[in-house]
Amino acid sequence: MSIEERKISFVQEFLKLENEEVIEHLEKVMKTAKSFKMKEELGPLTIEQFDNEIFLSLKDSEDGNLTKAEDLKQRILQWS
């Protein structure tokens, strides 16, 4: 199956979705994938960028902006 056929098939399946959580998850996956691709194209992080990523991660942790692995597992189990 060509990439074009795969995209058409994916869009057709996506249009059939009724579960808002699944749609939300797919949106996040696409956004994350685009972000990773963009970072790959930009090259490696500088030490400052790396330190900033660590700082932001620690701040998220302190602010409680985390998803527990068990909560994520439960959400995934509800997709089907």
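The values are calculated or read from the model by the stated rules, or taken from the named source; none is laboratory data. Note that the coordinates shown come from a computational prediction; the quantities given were computed from them, not determined experimentally. Positions of Cβ are backbone-derived with ideal geometry, glycine not excepted, and every protein chain shown enters the neighbour counts. Accessible surface is based on the protein model in full, side chains and every heavy atom, while ligands, DNA and RNA are left aside. Shrake-Rupley method; radii C 1.70, N 1.55, O 1.52, S 1.80 Å.
Among residues belonging to the range 40-57 that are open to solvent by less than 100 Å² (accessible area, probe 1.4 Å) and in a helix (DSSP H, G or I), point out the one that is modelled with the lowest pLDDT.
Checking each candidate, the answer is 49.
Considering only residues of the range 58-77 that are among the basic types (Lys, Arg) and open to solvent by less than 100 Å² (accessible area, probe 1.4 Å), which is farthest from residue 19 (Cα to Cα)?
To start, the set of residues in the range 58-77 that are among the basic types (Lys, Arg) comprises 59, 68, 73, 75.
Cutting the leftovers down to open to solvent by less than 100 Å² (accessible area, probe 1.4 Å) gives us 59, 75.
Details: 59: 32, 75: 12 Å.
Selected residue: 59.
Kindly indicate whether residue 35 is part of a loop (DSSP other than H, G, I, E, B) and modelled with pLDDT under 90. Reasoning before the result, please.
Values: part of a loop (DSSP other than H, G, I, E, B): no; modelled with pLDDT under 90: yes.
No; evaluated as a whole, the condition is false for this residue.
Between a residue in the range 1-22 that is touching a residue at least 40 places away in the same chain (Cβ under 8 Å) and any residue that is among the β-branched types (Val, Ile, Thr) and surrounded by 10 or more Cβ atoms within 10 Å (Cβ to Cβ), which pairs come within a Cβ distance under 7 Å, given they are 6 or more apart or on different chains?
From the range 1-22, no pairs qualify.
How many residues, within the range 1-11, are assigned to a helix (DSSP H, G or I) and either open to solvent by less than 70 Å² (accessible area, probe 1.4 Å) or touching a Leu at 6+ places or on another chain (Cβ under 6 Å) (or both)?
1
Among the residues of the range 12-24, write down those that are surrounded by fewer than 10 Cβ atoms within 10 Å (Cβ to Cβ) and of a type in the set (A, V, I, L, M). Before you say what the answer is, go through the steps one by one.
Going residue by residue through the range 12-24, those that are surrounded by fewer than 10 Cβ atoms within 10 Å (Cβ to Cβ) are 12-13, 15-16, 18, 20.
If the condition is that a residue be surrounded by fewer than 10 Cβ atoms within 10 Å (Cβ to Cβ) and of a type in the set (A, V, I, L, M), then 15 is the only one that fits.
Can residue 27 be described as surrounded by 10 or more Cβ atoms within 10 Å (Cβ to Cβ), assigned to a helix (DSSP H, G or I) and at pLDDT 90 or above?
The answer is yes for residue 27.
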